[in-house]
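Enquirer: This structure is in structure tokens; I'll ask about it shortly.
Any read-out appearing in this document is the output of simple, stated calculations on the displayed coordinates, not a laboratory observation. Remember, it's a predicted structure, so these values are computed and weren't measured experimentally. Here the Cβ positions follow ideal geometry from the backbone for every residue, glycine too, while neighbour counts run over all protein chains shown.
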């Protein structure tokens, strides 16, 4: 039951993608008028174990986000407004739970801008 929570962090395996349990959690969160955020997890497997190349990884992550958004659009609540998640808005994180790290695009842009002297706004 999600009635006493402020939010919902939905964790999706970047290799397995959105599954039946993901849809159940999203439906339950939206049914309780809780705006979910998403983390695309197990990125370590993607790059270290499966040796996925950059463009293929990008397409895989995009597909996970798109599939989650399709489900959220299906159970959309007018009172909540747009509940879909967008990496550029900070409602999607990328993580490797096994290694204990996660980041949003905003976090990454700040770090990259700081380390390489690039304007943060240009990173987004």
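Enquirer: Of the conditions (1) closer than 30 Å to residue 4 by Cβ; (2) in contact with a strand residue (DSSP E or B) (Cβ under 8 Å, 6 or more places away or on another chain), residue 43 satisfies every one except a single condition; which number is it?
Expert: It fails just one condition, (1).
Enquirer: Tell me which of these residue 70 doesn't satisfy, since it passes every other one: (1) more than 22 Å from residue 124 (Cα to Cα); (2) touching a strand residue (DSSP E or B) at 6+ places or on another chain (Cβ under 6 Å).
Expert: Against the list (1) more than 22 Å from residue 124 (Cα to Cα); (2) touching a strand residue (DSSP E or B) at 6+ places or on another chain (Cβ under 6 Å), residue 70 comes up short only on (2).
Enquirer: Working only within the stretch 8-23, note down all residues that are free of Cβ contacts under 8 Å to residues at least 40 places away in the same chain and within 13 Å of the chain's Cα centre (by Cα).
Expert: Result: 8, 9, 13.
Enquirer: I've got another one for you. Taking residue 26, is it more than 14 Å from the chain's Cα centre (by Cα) and either touching a residue at least 60 places away in the same chain (Cβ under 8 Å) or at negative phi (or both)?
Expert: No: the conditions fail for residue 26.
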